[in-house]
Amino acid sequence: MRLLLLTVLTMAWLAWSASSQPGDLPGKEVPDLGNVHIQRLGDPHVPYNSDPPTSGPHMPGIAPWGFYDKPIPKEYQVHNLEDGGVVIQYNCPRGCPDLLKKLEGVFLKYKKRAEKEKRYMHLIVAPYPDMNARITLTAWTRIDTLAGFDEVRIDRFIEAYVGIDHHKKEGAK
């Protein structure tokens, strides 16, 4: 019995350690387009290399962290990502109250955690009607698309990327 328990625990540890290697980050990596500021929405800029965007030209300010019922302009989303945010976007052309309730649950979980830890919550949930996926998760240079709600996958993405500042430091190479 002890040998069986030891074997099971060893296998579980090996599986956990293999799944948490540095190269095994959630989502797909997207090349960094930099962090140039534009002055107004609609100003011309290089096209984003992912949709929704994961880096590139953006507004000087951010969209307030929160749960939205209207899309966030891409140029604001990108600055939120640069500031360590994760953006969860959904596409529900015919409405999806069950999905919204689940996403709100995720949002509230992280909001309560941030309040308890007395820090900013770096999370936005908003609709994004122009995407093929039902849900897309974005962070700076990272994207993951989901066909449906998967709380474990969403949590893993948030935990991996939330709060990481991506501002370029002066003098850094």
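Structure above, values below:
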item: Condition check for Y128: more than 12 Å from P26 (Cβ to Cβ) and either touching a residue at least 40 places away in the same chain (Cβ under 8 Å) or in contact with a Pro (Cβ under 6 Å, 6 or more places away or on another chain) (or both); result: yes
item: Of residues in segment 83-105 being surrounded by 21 or more Cβ atoms within 10 Å (Cβ to Cβ) and touching a residue at least 60 places away in the same chain (Cβ under 8 Å), the one nearest to the chain's Cα centre (by Cα); result: V86
item: Which listed residue, of R119, R94, is basic (K, R), modelled with pLDDT under 95 and farther than 22 Å from D155 by Cα; result: R94
item: Selected residue (only one of G56, G61 is of a type in the set (G, A, S), surrounded by fewer than 16 Cβ atoms within 10 Å (Cβ to Cβ) and in contact (Cβ under 8 Å) with a residue 12 or more places away in the chain); result: G61
item: L108 at pLDDT 95 or above, aliphatic (A, V, I, L, M) and surrounded by fewer than 17 Cβ atoms within 10 Å (Cβ to Cβ); result: yes
item: Yes/no for K118 being in a helix (DSSP H, G or I) and surrounded by fewer than 12 Cβ atoms within 10 Å (Cβ to Cβ); result: no
item: Pick from segment 121-131, criterion assigned to a loop (DSSP other than H, G, I, E, B) and surrounded by 13 or more Cβ atoms within 10 Å (Cβ to Cβ), ranking: nearest to the chain's Cα centre (by Cα); result: H122
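The values are calculated or read from the model by the stated rules, or taken from the named source; none is laboratory data. Predicted, not measured: the structure shown is a model, and the values here were computed from it. Here the Cβ is made from the backbone with ideal geometry for all residues, glycine too, and neighbour counts use every protein chain on show.
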